[in-house]
Structure formats: structure tokens, C-alpha cells
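Chemist: Dropping the structure in here first, questions after.
A short reminder: the numbers here are calculations on the coordinates, not readings from a lab. Everything quoted here is computed from the prediction, not taken from an experiment. Positions of Cβ are backbone-derived with ideal geometry, glycine not excepted, and every protein chain shown enters the neighbour counts.
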């Protein structure tokens, strides 16, 4: 079945550091790919998405590119802030079932 | 708009007790979902309702029942709570044709002793 694998956390970075959170997927067909973010004490929010190969999703300085050849959708940000501290979930949707989520990666950014 | 609301925010139950978690959305969404979130396990889908009047099992439905009361409300019931059901429960909803863009409630933290 469809699945998403994310790098294990926690990830701890200093403010203004470069962030990469790896995500790879297994799916039949051509899924849409997503990153959701969960801030402390809150539910998940959609951060960005890409619906086809080579699409780049972006929001709030975060970016991710849908790479069909490597079945990846890595999340990047050039300069993280303390306010980016959260748990990040990669997810896919192939149309057959509801969203499939990865296990989440906790990011802590220290000043 | 309140979005997705959940009640209660916190609950402590003894083993064997029953309770219902309530969820409501005011976005006129067709689909609603219940997830549980456990450390190291991410989000796991318990049940979902693609539209009013329908419900389907997700990945971990055992020990739970759901009711789609109307288009706005989707409740999750634990008939006989067990310590393994200690978790944070999230309700979510999505619009017709946009099942991949889900809007989440703030969660209910449930402890079963």
C-alpha cells in the first residue's frame, strides 16, 4: 500500500541555519504530495503541496519539489526562525484512500 | 468562522468507562475524519466519513465507533476505554473534491488509567 517515510527527529538547529527534512514515498500511480505543520498545542495545518512531478510547493519560506525519479519530496528552508519550531508531517494522496501521513519530524530552533 | 472544534480538550477515564468525543465544523465540508496521534507513530486514521450518511474504517478502528450526526458533526465513541487508547485525538474535515486538504481541530488529550 501507499506509505511515506520521513527522517527521524528531533532536529535541532540554530536560528538562521538551513533546514532539510527528508521525505520519500511509495505509491501506485501519481500521488499528490503535501507537508503539514503542527505547532505546539495545535492541530495540523497544510504548509505546502505539489500535485505533479517537478512541481515546487512553497509557503512561508519553505519549499519542496516533487521528484518522481527519486520518489522524494524533501522540505527545505534557507533560514529558520525560532517560530518554525514545530512537528512537520509529509503526506501523500493517491485518490484511493484518505491522506497517508509520515510519522512526523520534530524541529527545534534555538536562538 | 470557528473552523473545526472539538470537545472536550482534556479527559481522564478509568478502564472500562465510556465516552464520546465531539467534533463540529462550520466550513460546509463534506468529509470528516478522526485520527489518533501517538509518540513515534505519527497520525493514524481511525474512521472517516466521506459524506453525510457514510462512514468507513481507517487504519485503527478497533475499540471505536463513530456517528456522522449531520453534515457538521462527527462523533467518536469509546465504549469500554482501555489504557492503549491513551492518545491525542484529532478531528479533521475537507471539502468536496479536496480530500487531500484537511483542516484539523485542536485535539483532545485522553488518558485512560
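Chemist: For peptide B:91-102, what's the mean number of Cβ atoms from other chains within 10 Å of each residue's Cβ?
Modeler: Details: counts 1, 4, 0, 2, 0, 0, 0, 1, 5, 14, 7, 11.
Across B:91-102, the average partner-chain Cβ count within 10 Å equals 4.
Chemist: Within 10 Å of each Cβ in peptide B:54-63, how many partner chain Cβ atoms are there on average? Round it to a whole number, please.
Modeler: Taking all residues of B:54-63 together, the mean is 1.
Chemist: Of B:12, B:88, how do they rank once you tally other Cβ atoms within 10 Å and put the fewest first?
Modeler: Details: B:12 11, B:88 17.
The fewest-first ordering by Cβ neighbours comes to B:12, B:88.
Chemist: Another question, if that's okay. Considering Cα pairs under 8 angstrom that are at least six residues apart, work out the relative contact order of chain A and quote it in whole percent. If you can, show how the numbers build up before the last one.
Modeler: Details: 290 pairs, mean separation 40.9, N = 111.
37 percent.
Chemist: Indicate the gyration tensor shape class of the protein assembly as shown (rounded, prolate or oblate), computed on the Cα atoms with a ≥ b ≥ c the square roots of the eigenvalues: a/c under 1.5 is rounded; otherwise a/b larger than b/c is prolate and the rest oblate. Walk me through the numbers before you get to the answer.
Modeler: Working: a/c = 1.89, a/b = 1.44, b/c = 1.32.
Since a/c reaches 1.5 and a/b is larger than b/c, the shape of the protein assembly as shown is classed as prolate.
Chemist: Just want to confirm a number: the relative contact order over chain B, from Cα pairs under 8 angstrom separated by 6+ residues, in percent. Before the final figure, lay out each step's value.
Modeler: Working: 295 pairs, mean separation 39.9, N = 113.
Over chain B, the number comes to 35 percent.
Chemist: For the stretch B:6-50 and the stretch B:54-100, what is the separation of their C-alpha centers, rounded to whole Å?
Modeler: Centre-to-centre (Cα) distance: 5 Å.
Chemist: If you rank B:41, B:32 by fewest surrounding Cβ atoms within 10 Å, what's the result?
Modeler: Values: B:41 13, B:32 29.
Least to most surrounded, the residues fall as B:41, B:32.
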